[in-house]
Amino acid sequence: MESANNILLASHGTEGAQAAEQMAIELCNKGGHVHHLIVVPKRLWEGMTGDDWLNNGSTRDTFRRYLEDQLSQEVQEHQARVSEAAKAKDLNYTTEVIVGEPEECLINTSKKEVFDLLVMGSPRPKGVAGLKSRMLTDSTRSLGVPTVIVPYPDE
């Protein structure tokens, strides 16, 4: 596999995404750049913070702040892990966190600058617990950026 200078890493911290993170770091040339895209799926976020089961505005706001704090903490830990790996290889690291539809966010981010390579994890195998938030769809297959889909790690 050929190395690159400017990599777009689509990752959200799951076990499969962590395999993609490692591959992105491996494939990036020393002194290169890894731009880390983390997407919080809009439908998931709205479903968690919706008011259909919360009794009043105050309860809803308290719960939303709690979720935002939890999500922020998880994202910061995730970013720190990837940032440390990039720093160890003398890479430049930037990150972007977006609430939106994963497919749309990936397309928009891929157009912001010229990337040599897109690195992402493969879909979670059947029977492995977790949310399904697919980025690789018919629309994203034609991004015009060479793409590496890292296999889900063997258990």
Would you mind telling me which numbered condition in (1) at pLDDT below 85; (2) buried (at least 17 other Cβ atoms within 10 Å of the Cβ) MET23 fails? (1)
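Would you mind stating whether GLY16 is at pLDDT below 95 and surrounded by fewer than 16 Cβ atoms within 10 Å (Cβ to Cβ)? I'd like the intermediate steps shown before the answer.
On the way: at pLDDT below 95: yes; surrounded by fewer than 16 Cβ atoms within 10 Å (Cβ to Cβ): no.
Taking the combined requirement at face value, the residue does not satisfy it.
Condition check ((1) surrounded by fewer than 13 Cβ atoms within 10 Å (Cβ to Cβ); (2) part of a helix (DSSP H, G or I); (3) at pLDDT 90 or above; (4) touching a His at 6+ places or on another chain (Cβ under 7 Å)) across all residues:
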residue	(1), (2), (3), (4)
HIS78	no, yes, no, no
VAL82	no, yes, yes, yes
ALA86	no, yes, yes, no
ASP90	yes, no, yes, no
VAL97	no, no, yes, no
LEU106	no, yes, yes, no
THR109	no, yes, yes, no
VAL119	no, no, yes, no
GLY127	yes, no, no, no
What pairs come up if the first residue lies in the stretch 112-137 and is within 17 Å of ALA4 (Cβ to Cβ), the second is at pLDDT below 70 and surrounded by 12 or more Cβ atoms within 10 Å (Cβ to Cβ), and their beta carbons are under 7 Å apart, counting only those six or more places apart or on different chains? MET120/MET135; MET120/LEU136
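The values are calculated or read from the model by the stated rules, or taken from the named source; none is laboratory data. Remember, predicted model here, so these are calculated numbers, not experimental data. Methodologically, a virtual Cβ is constructed for each residue, glycine included, from the backbone with ideal geometry; neighbour enumeration extends over all protein chains shown.
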